[in-house]
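*Asks:* Dropping a structure here in structure tokens format, bear with me for questions.
The values are calculated or read from the model by the stated rules, or taken from the named source; none is laboratory data. Keep in mind it's a predicted model, so treat the numbers as computed, not measured. Don't worry about glycine lacking a Cβ; one is built from the backbone with ideal geometry, like all the others, and counts go over all protein chains shown.
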Amino acid sequence: MQIQHEDDGKHGRFFIKENDEELAEMVYEWCPSHINIAHTEVSDKLKGHGIGGKLVAAAVEWARERHLKISATCTFAKAVFEKKPEYGDVYFH
């Protein structure tokens with residue numbers, strides 16, 4: 001199961017797609033100084049497997065490579081950031 005990424009310079013997303021079916025998605029929007037995770041959704045097929053956390057982890061890795069900060073209006077992503085102090089270097093509150 002591979003996490004994919006798309007970005008058009010205004011919005012982006014990390015997602016999992018198998019056999020033309022989207023199974024998970026985390027969307028973000030670009031802000032002047034950072035990106036904001038706006039929504040995370042995981043299909044019932046993958047719930048309970050930590051997929052949402054893996055999407056956030058993929059965003060953190062991507063942001064670190066680009067020296068970006070991440071905020072989260074998505075309640076799930078915000079909770080992940082608050083539980084993971086190791087993400088503090090990229091978390092923009």
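*Asks:* Quick check: anything in the range 19-41 among the hydroxyl-bearing types (Ser, Thr, Tyr), surrounded by fewer than 16 Cβ atoms within 10 Å (Cβ to Cβ) and out of contact with any strand residue (DSSP E or B) (no Cβ under 8 Å at 6 or more places or on another chain)?
*Replies:* Checked against the condition, which is being among the hydroxyl-bearing types (Ser, Thr, Tyr), surrounded by fewer than 16 Cβ atoms within 10 Å (Cβ to Cβ) and out of contact with any strand residue (DSSP E or B) (no Cβ under 8 Å at 6 or more places or on another chain), the range 19-41 yields at least one hit.
*Asks:* Being without any contact (Cβ under 8 Å) to a residue 24 or more places away in the chain and either farther than 19 Å from Pro32 by Cβ or basic (Lys, Arg) (or both) is the filter here; which residues of the range 57-77 pass it?
*Replies:* Ala57, Glu61, Glu65, Arg66, Thr75
*Asks:* Of the residues Lys17, Lys83, Lys69, which is modelled with pLDDT of 95 or more, basic (Lys, Arg) and in contact with a Phe, Trp or Tyr (Cβ under 9 Å, 6 or more places away or on another chain)?
*Replies:* From the options Lys17, Lys83, Lys69, the qualifying one is Lys69.
*Asks:* Also, quick follow-up: What residue, of Lys54, Lys45, is touching a residue at least 12 places away in the same chain (Cβ under 8 Å), closer than 17 Å to Glu22 by Cβ and assigned to a loop (DSSP other than H, G, I, E, B)?
*Replies:* The match here is Lys45.
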